[in-house]
Amino acid sequence: MQRKLVAGSFLVSAIVFCGCSLPQEFSRTPRTAVEQLLLTQAADHALRNLTVELPKEASLHVDVTGLQTDRSHFNMAGGDRGVLHGPSLDLLLIRDSFATGLGRLGYRIDPRDTEPAYLARVVVESFGTTQGITFFGMPPVQSVLIPFALPALTLYGAEEQRGYARLHVDFFEYQSGKLVGSSPSIIGRTYYKQYTCCSSSPGKLRT
């Protein structure tokens with residue numbers, strides 16, 4: 001009887017003094033379908049704000065540059081072990097997306113060997129995802145006062161993942177290498193939220 005009383009008092013106290021946390025961190029999840037969609041849609045939203053001041057139907061070659069990420073490919077064998085092998089596939093996705101966007105604006109995308117009139121270099125300032133977790137409830141409890149562990153009791157929880165892209169394009173004369181202009185920085189944002197309220201956990205994806 002006394003043991004039940006102690007356990008009940010402890011449980012009530014834990015619920016009354018429940019915890020709340022709002023951590024924000026970079027994504028550690030694998031490239032799930034949701035994260036891929038967040039990234040591709042963020043790049044697509046950024047492209048909607050692209051403005052180009054070049055002669056109509058000019059020929060362009062599209063190049064891309066940006067910081068390497070943990071999605072880059074490392075050689076795992078041979079003399080080049082541990083050396084980056086080619087750019088991150090994220091950069092290649094952005095390059096091809098921009099080539100399509102410029103084509104929709106009426107420009108002709110040509111390979112280097114055809115000596116196009118201009119070089120469009122896409123500068124990837126930022127591209128990736130972050131995640132945040134909101135928790136309100138009782139965290140899991142282990143105590144010597146009671147002979148069993150109490151699982152976490154979530155009154156309200158939310159897991160949010162955000163996609164972000166910030167880019168700009170520099171335009172050069174292909175033959176001379178002269179800089180002829182740069183686009184303003186363009187930004188695309190997307191987010192996904194999954195809520196938990198007691199036992200229900202609907203999700204929401206916004207792009």
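The values are calculated or read from the model by the stated rules, or taken from the named source; none is laboratory data. The model shown is predicted, which means the values in this text are computed figures rather than measured ones. Positions of Cβ are generated from backbone atoms using ideal geometry, with glycine treated the same way; all protein chains shown enter the neighbour counts.
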Worksheet item: For the stretch 128-145, does any single residue satisfy the condition of being free of Cβ contacts under 8 Å to residues at least 12 places away in the same chain and closer than 17 Å to Leu47 by Cα?
Response: no
Item to complete: Looking only at the stretch 51-63, decide whether some residue is more than 15 Å from Glu173 (Cα to Cα), modelled with pLDDT of 55 or more and surrounded by 12 or more Cβ atoms within 10 Å (Cβ to Cβ).
Response: no
Discussion item. Looking at the stretch 24-39 only, could you name the residues that are at pLDDT 90 or above and surrounded by 18 or more Cβ atoms within 10 Å (Cβ to Cβ)?
Written reply: Leu38, Leu39
